[in-house]
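Below you'll find the structure, written out as structure tokens, and then a few comments.
Derivation of every value follows stated rules applied to the coordinates shown; laboratory data play no part. These numbers come from a predicted model, not from an experiment. Here the Cβ is made from the backbone with ideal geometry for all residues, glycine too, and neighbour counts use every protein chain on show.
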Amino acid sequence: MNETIRICLWSGPRNISTATMRSFENRPDCSVWDEPFYGPYLAKTGLDHPGRETILAAVPLDANEIAARCAGDAPDGSILFFQKHMCQHMLDDIPRDWMVACRHIFLIRDPAEVCASFAATTGTVTAEDIGQIRQSELYEDICERSRHVWPVIEGRDVLSDPEAMLRALCNVIDIPFDDHMLNWPAGKRETDGVWAPWWYDRVEASTGFEKPRRSPHILPEAAKAAVEESRPHYEKLRNRKLKV
């Protein structure tokens with residue numbers, strides 16, 4: 001019997017993380033889990049995110065139980081178990097020992113674009129909201145724990161040349177590339193988080209990675225502090241990103 005290969009994508013909000021989850025889910029050998037730690041994050045921080053009460057009523061809230069499932073087998077017995085994680089969800093008291101059982105990908109985006117997009121939906125944004133400081137710290141911690149240097153990819157690079165980037169990424173995390181990763185059927189997924197109605201309209205209409213384009217959102221003046229606080233951490237990871 002084949003051993004499960006667990007793949008963790010570490011991203012912040014308003015990136016191509018859900019499209020990347022679609023890409024992996026379209027493989028016949030892969031099952032996915034959408035933002036496993038969102039429930040504990042909302043419960044512990046008290047943040048008033050869109051759909052908060054709906055989310056808290058629908059998802060697991062025990063971080064230790066979630067961690068054990070992240071280190072376990074894919075729910076449907078698939079060879080690959082892809083997990084889409086938001087870095088800001090990994091609060092200080094969330095367990096991390098399970099991470100050594102996984103392979104890891106770090107997905108980055110310019111903080112100015114992230115903050116502008118996030119603020120367009122929520123009205124406000126902080127550096128903590130977009131998770132880039134936490135992402136930089138997680139990168140160092142996970143690489144140290146696993147004694148392995150994991151790949152960093154930038155969303156814009158994937159959009160510019162999906163096949164080349166996905167082939168390179170699969171090679172680095174030691175799984176075979178599959179053509180099914182390049183396109184997927186439009187529509188909703190049962191595997192999408194219950195927060196999908198507030199965030200996933202665009203990805204639900206997609207059938208593949210779109211060409212990169214200039215963000216339509218204007219960066220509010222109040223968001224500039226979050227951008228400046230996040231930028232050094234983004235740049236540190238950007239200097240290590242995978243290139244083809």
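Under 10 Å, Cα contacts only: if you run a Gaussian network model on the chain, which one of Ser206, Ser117, Ser215 comes out with the highest mean-square fluctuation?
Ser215
Once amide H atoms are built 1.01 Å from N in the peptide plane, which residues 5 or more positions from Phe37, or in another chain, come under 5 Å H to H?
Amide H to amide H, under 5 Å and 5 or more residues apart or across chains, Phe37 pairs with Met86.
Could you work out the helix-only [θ] at 222 nm for the chain, with each DSSP H run of four or more residues adding -39,500 (n - 2.57) and the total divided by the number of residues, to the nearest 500 deg cm²/dmol?
-12000 deg cm²/dmol
Arranged by the count of other C-beta atoms within 10 angstrom, fewest first, what order do Val158, Val114, Val194, Val100 take? Before the final figure, lay out the partial values.
On the way: Val158 23, Val114 30, Val194 16, Val100 12.
Ascending Cβ contact count within 10 Å gives the list Val100, Val194, Val158, Val114.
I want the antiparallel fraction of DSSP beta bridges within the chain, as a percent rounded to 5.
In the chain, DSSP labels about 5 percent of beta bridges as antiparallel.
GNM, the chain, Cα, under 10 Å: largest mean-square fluctuation among Ala63, Ala43, Ala116?
Ala43
What is the order of Glu3, Glu229, fewest Cβ neighbours within 10 Å to most? Show your work: numbers first, answer last.
Numbers: Glu3 7, Glu229 16.
In order of increasing Cβ crowding within 10 Å: Glu3, Glu229.
Determine the distance separating the Cα centre of segment 43-105 from the Cα centre of segment 197-244; give it in Å without decimals.
So the separation of the two Cα centres works out to 22 Å.
Just flag the GluC sites (Glu not before Pro) in segment 110-202 sitting in loop per DSSP whose Cβ has no more than 15 other Cβ atoms within 10 Å.
Working: sites: Glu113, Glu128, Glu137, Glu140, Glu144, Glu154, Glu163, Glu190; in loops: Glu190.
Answer in residue order: Glu190.
Please identify the chymotrypsin sites (Phe, Trp or Tyr not before Pro) of segment 184-244 that satisfy two criteria: DSSP loop assignment and at most 12 other Cβ atoms within 10 Å. Which are they?
Here no chymotrypsin sites (Phe, Trp or Tyr not before Pro) fit, given the DSSP loop and packing criteria.
Under 10 Å, Cα contacts only: if you run a Gaussian network model on the chain, which one of Leu47, Leu182, Leu138 comes out with the highest mean-square fluctuation?
Of Leu47, Leu182, Leu138, the most mobile in the Gaussian network model is Leu47.
Work out the charge dipole of the chain with +1 on the Cβ of Lys and Arg and -1 on the Cβ of Asp and Glu about the Cα centre, then indicate which of Pro75, Leu237, Ile142 is farthest towards its positive end.
It is Leu237.
Projecting each Cα onto the charge dipole of the chain (Lys/Arg +1, Asp/Glu -1 at the beta carbon, about the Cα centre), which of Gly46, Asn183, Asn64 comes out farthest on the positive side?
Asn183
Using a/c under 1.5 as the rounded threshold, could you call segment 3-116 rounded, prolate or oblate? The axes a ≥ b ≥ c are square roots of the C-alpha gyration tensor eigenvalues, and prolate needs a/b larger than b/c, oblate otherwise.
oblate
Rounded to the nearest 0.05, what FRET efficiency do Glu235 and Ala43 give with R0 = 30 Å and r taken as the Cβ-Cβ distance? Could you check?
Working from the Cβ atoms, E equals 0.40.
Note down the nm distance, to one decimal, between modelled labels 7 Å out along Cα→Cβ at Glu228 and at Arg202.
Computed distance between label sites Glu228 and Arg202 equals 2.7 nm.
For a test of the definition: using alpha carbon positions, the gyration tensor, and the 1.5 limit on a/c, classify the chain as rounded, prolate or oblate.
Rounded is the answer for the chain, as its axis ratio a/c remains below 1.5.
Under 1.5 on a/c is rounded, so check that first for segment 100-182, then, if it is not, pick prolate when a/b is larger than b/c and oblate when it is not; a ≥ b ≥ c are the square roots of the alpha carbon gyration tensor eigenvalues.
Numbers: a/c = 2.92, a/b = 1.32, b/c = 2.20.
Oblate.
Treat every Asp and Glu Cβ in segment 5-238 as -1 and every Lys and Arg Cβ as +1, leave all other atoms uncharged, and give the resulting dipole magnitude about the Cα centre to the nearest 20 debye.
So the magnitude is around 400 debye.
Counting only residues 5 or more places away or on other chains, whose amide H sits under 5 Å from the amide H of Gln83 once H atoms are built in the peptide plane?
The list, which skips near neighbours in sequence, is Ile7, Cys8, Leu9, Trp33.
For segment 18-59, what is the charge dipole size about the Cα centre, in debye to the nearest 20, if Lys and Arg each add +1 at the Cβ and Asp and Glu each add -1 at the Cβ?
Working: 4 positive and 6 negative charges, 11 e Å.
With only Lys, Arg, Asp and Glu charged at Cβ, the dipole is about 60 debye.
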